[in-house]
Amino acid sequence: MKSTIVVEINNVSKSFRQLKALKQVSFAVEEGELFGVIGPDGAGKTTLFRLINTLLIPDEGTLSVLGYDTVNEYKQIRPLLGYMPGKFSLYQDLTVEENLQFFASVFGTSVASNYELIKPIYHQLEPFKNRLSGALSGGMKQKLALSCALIHKPKLLLLDEPTTGVDAVSRKEFWDMLKMLKQEGISIIVSTPYMDEANLCDRVALIQKGSILQIDTPTSVVNGFTKPLLGVKASNTYQLLKALKSFPGSDSVHPFGEYVHYTEKDGEPDPKVLQDYLEQQGLQNVQIKLMDPAIEDRFMDLMHTAEEV
Amino acid sequence: MPEYAIQTENLTRKFGDFIAVDHISFEVQKGEIFGFLGANGAGKTTAMKMLTGLLTPTSGKALVTGRDVYTEAEFIKKQIGYMSQKFSLYDDLTPRENIRFYGGIYGISEEYLSQKIDEVLEGTGLKDQGDKLVQALPLGWKQKLAFSIAILHNPKIVFLDEPTGGVDPVTRRAFWEQIYEVAEQGITVFVTTHYMDEAEYCDRLSIMVDGRMDAIGSPEDLKHEFSASSVEEIFIKLARSAKRGDG
Amino acid sequence: MNSFAGFVIKEFKQIYRDKRTLTVLFGMPVIMMILFGFAIRNEISNAEIGILDRSKDEVTHQIIQKLEATDAFQVRAYLQDVNEIEALFREGDIKEVVVFEANFRQKLVREQRADIQIITDATNPNLANLVQSYTANIIQDYVKALNSEDQIEQAGIMPKVRMMYNPELRSVNLFVPGLIAVILMLVSTLMTSISITREKEMGNMEILLVSPLKPYHIIIGKVLPYLVLSVVNVITILILAIFVFQVPFEGSYLLFFAEAGLFTLTALALGVFISSVASDQQTAMMISLAGLLLPTVLLSGFIFPVQSMPEVLQWISHIIPAKWFLIIVRGIMLKGSELLMVWKETLILIGMTVFFIALSLKKFKVRLQ
């Protein structure tokens, strides 16, 4: 492969009956990149993955994967892909080991020949290798699924929402594994509805309602959020939300963990004025501080702009 | 109505040799938003099932709305609302029909129900969509509707099982505002989630590890106790110590 | 290990692990065989009949004796007048009244024909049919004997029904071929379609499609285990039929197994075809059961003879593979037919199989849409 581009998507649109799943999507993923597709359910993530893995044909536009066209040269592409679909659940009635062996044999290889690659992931499962995979916990299933997707040493790994419904710890472990795989030179495209996972990618595409809102490094995405952001805290969050929304000049009011993130329509909010107003409204223990925006702030910002347009 | 919405003492459930829930004792106050966290397989679902009267405990005590889960499960079921991640709505019915159906289950009178239907449709902003099939609605609206239905019969406690999975950030927040609103009305909210920032919205929360309840308290207090800067940090600390598989 | 072998091994393992389904698959033929063989008998025994003999001569007397001599009938009433018939039926126990015309013997000798009227209670049409046929059969036998004795030249008593090849009207003989068809439909069509759609439902099909497995690998891999199961089932039924129920087997075993194999292929092809149309297990099951199994039971001639169906249904029955298979197998088992006698039906089955295999290969996409 001469070019360092592994996936190139040009003006791709895809509809299912009336539903426009993807609208004029274009982007490129470079070799060795960990590329995140971030967006809520129904944003078009799965359609995008199925277009890349050649299971769907675009209505418009072209996709090239690892230098091959997904429509005409899908036969060349498929063996080079490692794919983990969103609702993938393995074979519940086969054991951990049998699942792995099955996928190895399907891809014409053996567990032994690629064991080195999956070892860091699979060795955690080895104590349970004779257990039926249906009896595994969510985190373990996900590790097994990843091992299965990797068993034939793919050039490009496509992971469709691998962490959905998985607890925070397993999620963190999973991302550590992805980083490790990246080191092995495998290009990875991963989708997730969890905005905080965006920071772990090299670059991310924020996607909503079939359109790409932005593509950039996580830092640049966050830097796109230019308004000063205040974090506000009080003893009664619900009253606080109501009060902030009613404050003249308030723009966005979003609960964000401990603090409520707050911006104003034009420019700089004055924390002093705000504090006085809130206390007037009968709120107690009001704390206000300047906040660094997160990806999620930017995403909501972009969603807002997109809806206005 | 007793002082506590939920009260458990050494609540335990075993499946054969496996102790899914291991002597948990906690209280949930009335009108509280109570976050119920835990890694996959830590025993959350089993505990929820016992509290909602779907599963009999092996041992221990549990009172829900002051009623005993062993003997008064049927009564408890009338006093609680339930909504899960996998929607309990019927996709092939309209919102109106869905509300009517659930209203019927809980024995809400016809007169009151008609009024309630308009109220719910108004409240969820579904007034013009009331006669469209639910499957045509965006996810966020379905969730709102499902939640409204879960509290249709004015329950004392509403159990929300990962209500916001996969929803966009704006809708997710709108949903939490709905939760606040409900709590304001005095309904106790018992909620599970995988979003750690959502855990911070709760009045108090608990974290389950290997069937035990290893932490319980307000987000503030817990951060203090574990000297952590966020709930996520505490969660990861605790869940890392789990021995049960990979948790 | 090559990918196809790996796939087949996985299929066998999965089937073997699912003990409940496996029990059903192996138990079903046995249970069905026993049900049809013992419980749902269409034979008649001790059916109560009435006799109205207006002739009361030597011949009628002999015929009545013959009727009484079988286990099938029990003469309960001798009537004197036509008017009594209806009243007798109303009582409900009498299944049939046999009426001999006056001067029966005389007519038979002079005109070479005499009439026997057989009146049956058709509230249970199946039973009525049976009783009637059976009676006719007995009379026929009597006439034959009469002719050979040359007492009467060419005696022509007129019940027209003739029963051959299954003179005792043993229902089990007829059910066995039908049962084989039904079981093969269940095992091959239903199970294949369910097993393929399950892959789709679980999301695993996406991975299999992206993998180097060819579509025909997946199809054959899915079909192979059920082919084996089907063969085992056919053998089970055959053994039960021959050794427990003493069903005659006149023809060639080789031909029988070849034809059964052919029909299995038809059924498997149908299963694959269904799974290419259905997106989930539930749909696959509905199509297999309502669209295939029911017609196989009802329209193939398994239970109801095709000839007695309305013309429209007779036309529909032509497109049901089981109908042709039934004709073939009944021919082989009961008549000892050779290939020459069933080549038309065989050809039709081959045509259907090729058609469905081609169609499902075409329908089985390498993509999702």
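Derivation of every value follows stated rules applied to the coordinates shown; laboratory data play no part. Values in this document were obtained by computation on a predicted structure and should not be read as measured data. Cβ coordinates were reconstructed from backbone atoms using ideal geometry, including for glycine residues, and neighbour counts include every protein chain displayed.
Find the centroid of the Cα atoms in the stretch B:128-156 and in the stretch B:29-50, then give the distance between the two in whole Å.
23
Only bridges whose two residues both fall in chain A count here: according to DSSP, what percent of them are antiparallel, nearest 5?
Once the DSSP bridges in chain A are tallied, antiparallel ones form about 65 percent.
Filter the trypsin sites (Lys or Arg not before Pro) in the stretch C:261-362 to those in DSSP coil with at most 12 other Cβ atoms within 10 Å of their Cβ, and list the result.
Answer in residue order: no site qualifies.
Along the charge dipole of the stretch A:21-176, pointing to its positive end and built from +1/-1 on Cβ of Lys, Arg, Asp and Glu, which listed residue (A:Ile52, A:Gly138, A:Thr163) has its Cα farthest out?
A:Gly138
Exactly which chymotrypsin sites (Phe, Trp or Tyr not before Pro) in the stretch C:58-138 are in a DSSP loop and have at most 15 other Cβ atoms within 10 Å?
none
At most 16 other Cβ atoms within 10 Å and a DSSP loop assignment: could you name the GluC sites (Glu not before Pro) in the stretch A:1-107 that fit?
A:Glu31, A:Glu73
So for the protein assembly as shown, taking the charge dipole from beta-carbon charges (+1 Lys/Arg, -1 Asp/Glu), which of B:Ala242, B:Val191, B:Ile117 sits furthest toward the positive end?
B:Ala242
Name the residue, out of A:Val222, A:Val111, A:Val169, whose mean-square fluctuation peaks in a Gaussian network model built on chain A with Cα pairs under 10 Å.
A:Val169
Using just the helices of chain A, give the 222 nm mean residue ellipticity in deg cm²/dmol: DSSP H runs with n ≥ 4 each add -39,500 (n - 2.57), and the total is spread over all residues, rounded to 500.
Only helices count here, giving -9500 deg cm²/dmol.
What value, in deg cm²/dmol to 500, does the helix sum -39500 (n - 2.57) over DSSP H runs of n ≥ 4 give at 222 nm once divided by the residues of chain B?
Only helices count here, giving -10500 deg cm²/dmol.
Excluding same-chain residues fewer than 8 positions from C:Lys107, which lysines have a Cα within less than 20 Å of its Cα?
Excluding near neighbours in sequence, the set is C:Lys56, C:Lys144, C:Lys160.
Taking amide hydrogens as modeled 1.01 Å from N in the peptide plane, which residues meet the under 5 Å criterion relative to C:Ala47, leaving out close sequence neighbours?
Distant-sequence amide H within range of C:Ala47: C:Phe73, C:Gln74.
Of the cross-linked pairs B:Lys132/C:Lys365; A:Lys14/A:Lys75; A:Lys119/C:Lys222, which ones have a Cα-Cα span greater than 26 Å in the structure shown?
Too far apart for the 26 Å limit: B:Lys132/C:Lys365; A:Lys119/C:Lys222.
Going Cα to Cα from A:Lys272, which lysines come in below 24 Å? Please leave out same-chain ones fewer than 8 positions away.
The qualifying lysines are A:Lys227, A:Lys233, A:Lys242, A:Lys245, A:Lys289.
Under the rule a/c < 1.5 gives rounded, and otherwise a/b versus b/c splits prolate from oblate, where does the stretch A:230-292 land using the Cα gyration tensor?
Because its axes are fairly even, with a/c under 1.5, the stretch A:230-292 counts as rounded.
Quick one: what are the phi-derived ³J(HN,Hα) couplings along the stretch C:22-33, Karplus 6.51/-1.76/1.60 with θ = phi - 60°, whole Hz, x for glycine and proline?
4, 4, 4, 5, 7, x, 4, x, 5, 5, 5, 4
Based solely on its DSSP helices, what 222 nm [θ] is calculated for chain C when runs of n ≥ 4 H residues each add -39,500 (n - 2.57) and the sum is averaged over all residues, nearest 500 deg cm²/dmol?
-19500 deg cm²/dmol
How much of the DSSP beta bridge set in chain C is antiparallel, as a percent to the nearest 5?
If I count the DSSP bridges inside chain C, around 30 percent turn out antiparallel.
To the nearest Å, what is the center-to-center distance of the stretch C:70-116 and the stretch C:235-281, using C-alpha atoms only?
45
Just report the Cα centroid separation between the stretch C:338-369 and the stretch B:160-213, whole Å.
57
Where a Cα-Cα gap under 18 Å defines reach, which lysines qualify for A:Lys87, not counting those fewer than 8 residues away within the same chain?
Correct list for A:Lys87: A:Lys45, A:Lys141, A:Lys143, B:Lys86, C:Lys200.
Running a GNM on chain A with Cα contacts under 10 Å, which residue among A:Lys289, A:Lys45, A:Lys179 ends up with the highest mean-square fluctuation?
A:Lys289
Could you size up the charge dipole of the stretch C:47-149 around its Cα centre, putting +1 on the beta carbon of Lys and Arg and -1 on that of Asp and Glu, and report it in debye to the nearest 20?
That gives a dipole near 320 debye.
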